[in-house]
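Colleague: Below: one structure in structure tokens.
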Amino acid sequence: MIKDQQIQIRKEFENYLQYWVLHMFRKDQEGVFPEMSMDNVPNETADMGSMYLSRIMYGASLGCLKLKTDQYKPLADMAFDMLTEFKNPLGGYFWGRKYNMEWLDDADNVNMAQAFVLYGLAEYSRLNDSPEVRKLIDEQVGFIQTTLKDSTDPYYLDGFNEQWARGQNMTRAFATHFHTMEALLKVYENRKEEKIKNSIQSLLHIILDRFIDKEHHFCIHRFTEDWEMLPNENWAGHNAECSWVICHAARIINDQNLIEKTEEVAVLMMNEVVRLARDKTNGGYANLISENGVQEADKSWWPQAEVVLGLLNVYKITGEENYQRLAKEQISYIQKYFVHDQGEWKPGVNQKGEPLEGTPQIFFWKSMYHTVRYYDYLLTNL
């Protein structure tokens with residue numbers, strides 16, 4: 001990356017982080033808002049989630065470490081303090097909480113939240129490596145590896161209630177396996193424990209063997225407990241995200257066999273993303289796509305970021321200039337249509353690049369994750 005591009009990307013990242021510091025703290029400094037409108041009006045009564053807080057913890061911590069400042073540490077500390085309130089006495093963390101303090105349950109997604117809690121704690125530990133944080137990481141690794149795992153095989157199950165009892169429709173989800181692998185990778189980067197490495201290797205094989213369609217090269221999101229595929233939507237965002245993260249994981253654990261396999265799969269997946277999701281007329285990439293070329297009209301923020309990282313990864317693998325050209329094209333599109341003047345990203349735009357009406361700028365599912373990783377990756381790899 002030439003110097004002026006580095007300066008621009010760094011400035012964007014600083015503005016993004018500064019937005020959270022300036023706008024997301026409650027006036028009494030006793031917490032962060034769960035939701036913020038495009039006009040910076042907070043919705044204090046919106047639901048609060050453990051995944052939302054974990055992503056703030058991750059993003060603010062990484063911002064401090066990447067930009068070599070403690071300016072965002074109060075945000076990371078606040079997210080950590082709030083997250084500890086979500087601890088389930090039976091293990092793990094609750095999915096979410098309503099304004100009236102009633103716990104929310106989501107059997108299909110609560111396991112994904114467990115992964116993000118670990119992911120956030122692992123990043124936060126690089127900023128605050130206290131005995132308390134280390135203990136919570138150890139507890140969460142143990143919980144994920146026992147309670148959420150099938151006792152007879154290496155696969156995870158979804159469908160537990162908040163007492164961690166089996167529900168009527170237990171499933172096996174891509175998101176649980178993928179984000180658990182990603183979280184364990186964060187832990188491994190800090191600790192280099194062989195047991196964690198083995199778990200990452202196992203999960204990479206599971207993702208490659210079970211959750212990626214070998215003919216059409218897209219992610220399969222969910223199966224029944226007996227591995228019957230449930231109705232599936234083809235999401236370009238997950239395909240792009242999966243393509244580069246599995247390569248990153250294989251490289252970090254330095255498994256040459258998996259490096260070769262993941263890189264081969266990544267190229268095939270990104271070729272399909274470009275073929276089916278790229279909007280050649282208006283720019284950007286659709287998320288929901290189909291084999292017959294029908295694209296979702298509106299563009300969501302997170303697939304735009306993941307596509308850039310997927311393209312840069314396959315450029316690194318192949319050296320083919322077209323991937324780099326497409327990545328630069330997409331970065332320009334993001335800067336023009338998604339990066340808000342105030343620093344945060346717009347949640348979505350229509351085909352004309354106009355912001356979608358009625359969508360909050362920050363909400364339960366839109367926190368400091370995809371965007372932070374985007375800036376981290378660009379400042380490290382481009």
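What follows is calculated from the coordinates using simple rules that are stated; it is not laboratory data. The model shown is predicted, which means the values in this text are computed figures rather than measured ones. Positions of Cβ are generated from backbone atoms using ideal geometry, with glycine treated the same way; all protein chains shown enter the neighbour counts.
Colleague: R0 = 30 Å: FRET efficiency of residue 254 with residue 138, Cβ-based, nearest 0.05?
Modeller: Values: r = 24 Å, r/R0 = 0.81.
Calculated value: 0.80.
Colleague: Treat each spin label as a single point 7 Å out from the Cα along the C-beta direction, and report the residue 350 to residue 379 distance in nm.
Modeller: Label at residue 350, label at residue 379, 3.6 nm between them.
Colleague: Kirkwood Rh over alpha-carbon pairs of the chain, then Stokes-Einstein at 4 °C and 1.567 mPa s: what D in µm² s⁻¹, rounded to an integer?
Modeller: The Stokes-Einstein estimate is 61 µm²/s.
Colleague: Looking at segment 233-382 from every direction and averaging, what is the projected area of its Cα convex hull in nm²? Please list the in-between numbers first.
Modeller: Details: hull surface 36.9 nm².
Quarter of the Cα hull surface area: 9.2 nm².
Colleague: Taking all pairs of distinct Cα atoms, average 1/r, flip it, and tell me the Kirkwood hydrodynamic radius of segment 46-98 in Å to one decimal place. Could the numbers behind the result be given before it?
Modeller: Details: mean 1/r = 0.0867 Å⁻¹.
For segment 46-98, the Kirkwood estimate is 11.5 Å.
Colleague: Further question on the same structure: If each residue of separation counts as 0.36 nm, what is the full-extension length gain between residue 149 and residue 213 once their alpha-carbon separation is subtracted?
Modeller: 20.7 nm
Colleague: Determine ³J(HN,Hα), in whole Hz, for all residues of segment 125-136 in sequence, where each value follows from phi through the Karplus function 6.51 cos²θ - 1.76 cosθ + 1.60 and θ = phi - 60°; x replaces Gly and Pro.
Modeller: With coefficients 6.51, -1.76 and 1.60, one gets 5, 6, 9, 9, 8, 7, x, 4, 5, 4, 5, 5 Hz.
Colleague: While we're here: Checking a compactness column here: for segment 15-107, what do you get for Rg(Cα) / (2.2 N^0.38 Å), N being the number of residues?
Modeller: Here the answer is 1.10, to two decimals.
Colleague: Sticking with this structure for a sec: At 0.36 nm per residue, minus the direct Cα-Cα distance, what do residue 15 and residue 27 gain on full extension? Give it in nm, one decimal, please.
Modeller: The span from residue 15 to residue 27 would gain 2.3 nm if fully extended.
Colleague: So for the pair residue 87, residue 44, with labels modelled 7 Å out along Cα→Cβ, what separation do we get in nm?
Modeller: Placing both labels 7 Å along Cα→Cβ, they lie 2.8 nm apart.
Colleague: Further, regarding this structure: I need the phi-derived Karplus couplings for segment 193-205: 6.51 cos²θ - 1.76 cosθ + 1.60, θ = phi - 60°, integer Hz, Gly and Pro marked x.
Modeller: Result, ordered by residue: 8, 4, 4, 5, 4, 4, 5, 5, 4, 4, 5, 4, 5 Hz.
Colleague: As I understand it, the dipole of the chain uses +1 on the Cβ of Lys and Arg and -1 on the Cβ of Asp and Glu, about the Cα centre. Which of 84, 69, 300 lies farthest toward its positive end?
Modeller: 69
Colleague: Compute the distance in nm between two label points, each set 7 Å from the Cα along the Cα-to-Cβ direction, one at residue 325 and one at residue 169.
Modeller: 4.6 nm
Colleague: Same structure again: Looking only at segment 198-222, which residues have a backbone nitrogen under 19 Å from a spot 7 Å from the Cα of residue 229 in the C-beta direction?
Modeller: 205-222
Colleague: Scattering from the C-alpha atoms of segment 83-127 alone, worked out with Debye: what is log10 I(q)/I(0) at q = 0.13, 0.18 1/Å?
Modeller: These q points yield log10 I(q)/I(0) values of -0.30, -0.56.
Colleague: Given an 8 Å cut-off on Cα distances and at least 6 residues of separation, report the relative contact order of the chain as a percent.
Modeller: 18 percent
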